[in-house]
Amino acid sequence: MGNVLVWVIWFVAAGACLGTGVAVVSLTNPFYSALALIGNLASLAVLFLLLSAEFLAAAQVLVYAGAVMVMFLFVVAYLGGRADAPWAGGPPLLRAAAIVAAAALLVEVVVVLGLAWGDELTSPADVSTSFGSPAEIGEIFLTDHLLAFEITSIVLLVAAVGGVVLGTTREKEEGA
Amino acid sequence: MAGPDVGWYLIVSAILFGIGALGVMLRRSPLVVLLSLEIMLNAANLILIAFSRQQGNLDGQIFALAVMAVAAAEVAIGLGLIVAMARRRLALDVDQADALRG
């Protein structure tokens, strides 16, 4: 019974994930696209929970759906009507090529999956209940992966400085 | 683990990555291109976490956290560029933005 419930939750989350993904790509108003991406990130967080990645699910909602998307919505609001993204334009050949390329990517992954199916893909390792908890993630992050941790902090610092530099208006450009 | 095997997650992830790639290639608004990039990064995150669970090894989750941090940095820079483009009265169209020189 519990297993059926997990499958139901999985199908709802996966369906919501793909549906909102299509919405992000197809909507013409970037504001609605950004809102759809928040739904996409939230349903992905549910999938993360099913994969016993509790800390990452929380980080996904806090960092992505919270901080990053709010920043995005502020920029869309700042741009106002200029942000509208109509579908029109673009050479039809380019469009066809894009669809073929995306389909090729998908077919490749599905074929590789089909070839590997049944072996290692269906025998997950046994893990303790604390797998993916903040305590375990924190411990491994600050011991085995300390370098990655420090580099991440530098990346974020550089991005923050870059964002400020890009957003600063110089005097002579004011009247442009 | 209860519920679907890792293969099911990989299928969802592959479709999601395809959707994101389609968005990056088809749409011309830099805002929507950035959003589609986020979808692609998250599809990769889903695979990392699925394999991390399947192998019983937390390294994949650490990698996914690093990807999240890089994605946040990328959005900060990308939005900065879009605001700078809007300030200079440039068209918000990735097909027309083909010169690095401001």
Inset, instruction - Treating the angle as unsigned and between 0 and 90°, give the value, to the nearest 10°, between the Cα long axis of helix B:59-87 and the longest Cα principal axis of chain B. - result: 10
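With a 1.4 Å probe and all protein chains left in place, how much accessible area per residue does the range A:1-156 have, in Å²? Could you put the intermediate results ahead of the total?
Details: 8430 Å² over 156 residues.
Value returned for the range A:1-156: 54 Å² of accessible area per residue.
Net charge within 11 Å of residue B:80 by Cβ-Cβ distance, Lys/Arg positive one each and Asp/Glu negative one each, not counting residue B:80 itself?
On the way: positive: B:87; negative: B:74.
Result for the neighbourhood of residue B:80: 0.
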Inset, instruction - Can you give me the three principal axis dimensions of the range A:1-103 from its C-alpha atoms, in Å, biggest first? - result: 51, 34, 17
Inset, instruction - Please compute how much accessible surface disappears when B pairs with A, both sides summed, using a 1.4 Å probe, and round it to the nearest 100 Å². - result: 7000
Inset, instruction - Compute the long axis of helix B:30-55 from its Cα atoms, compare it with the longest principal axis of the Cα atoms of chain B, and write down the angle in degrees, 0 to 90, nearest 10. - result: 20
Inset, instruction - Show me A:146-153, A:14-21, A:72-79 ranked by packing, highest mean number of other Cβ atoms within 10 Å first. - result: A:14-21, A:72-79, A:146-153
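List the residue ranges in chain A for DSSP H helices whose C-alpha atoms run 27 angstrom or more along the long axis and whose Kyte-Doolittle average is -1.0 or above.
Values: long enough: A:2-26 (36 Å, 1.82); A:30-50 (30 Å, 1.89); A:92-116 (36 Å, 2.28); A:146-167 (32 Å, 2.32).
Those that pass (Cα extent of 27 Å or more, hydropathy at least -1.0) are A:2-26, A:30-50, A:92-116, A:146-167.
Across peptide A:31-41, how many C-beta atoms of other chains are within 10 Å of each residue C-beta, on average? Write out the running numbers ahead of the final one.
Numbers: counts 1, 0, 8, 5, 0, 2, 7, 0, 0, 7, 3.
For this peptide, the per-residue mean of nearby foreign Cβ atoms is 3.
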Inset, instruction - Given the options B:27, B:87, B:53, state which has the largest fluctuation in a GNM of chain B using a 10 Å cut-off (strictly under) for Cα springs. - result: B:87
Inset, instruction - Calculate what fraction, in whole %, of the accessible area of chain B sits on carbon and sulfur atoms when a 1.4 Å probe is rolled over the protein chains. - result: 64
Legend entry - Dimensions (Å) - the protein assembly as shown, Cα atoms, principal axes, largest first: 64, 44, 28
Inset, instruction - Between beta-carbons, use under 15 Å as the cut-off and find the net charge around residue A:25, counting Lys and Arg +1, Asp and Glu -1. - result: +2
Inset, instruction - Rounded to the nearest 10 degrees, what's the angle between the helix B:6-26 long axis and the longest principal axis of chain B, both from Cα atoms, 0 to 90? - result: 10
Inset, instruction - Within the set of other residues whose C-beta is less than 13 Å from the C-beta of residue B:58, count the net charge using Lys and Arg as +1 and Asp and Glu as -1. - result: -4
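As a check on your grasp of the helix formula, calculate [θ] at 222 nm for chain A: sum -39500 (n - 2.57) over DSSP H runs of n ≥ 4, divide by the residue count, round to the nearest 500.
Numbers: 7 runs with 119 residues, N = 176.
Result for chain A, helices only: -22500 deg cm²/dmol.
The values are calculated or read from the model by the stated rules, or taken from the named source; none is laboratory data. Since the model is a prediction, treat every value here as computed from it, not as a measurement. Positions of Cβ are generated from backbone atoms using ideal geometry, with glycine treated the same way; all protein chains shown enter the neighbour counts. Surface areas here come from the heavy atoms of the whole protein model, side chains and all, with no ligands, DNA or RNA. Shrake-Rupley method; radii C 1.70, N 1.55, O 1.52, S 1.80 Å.
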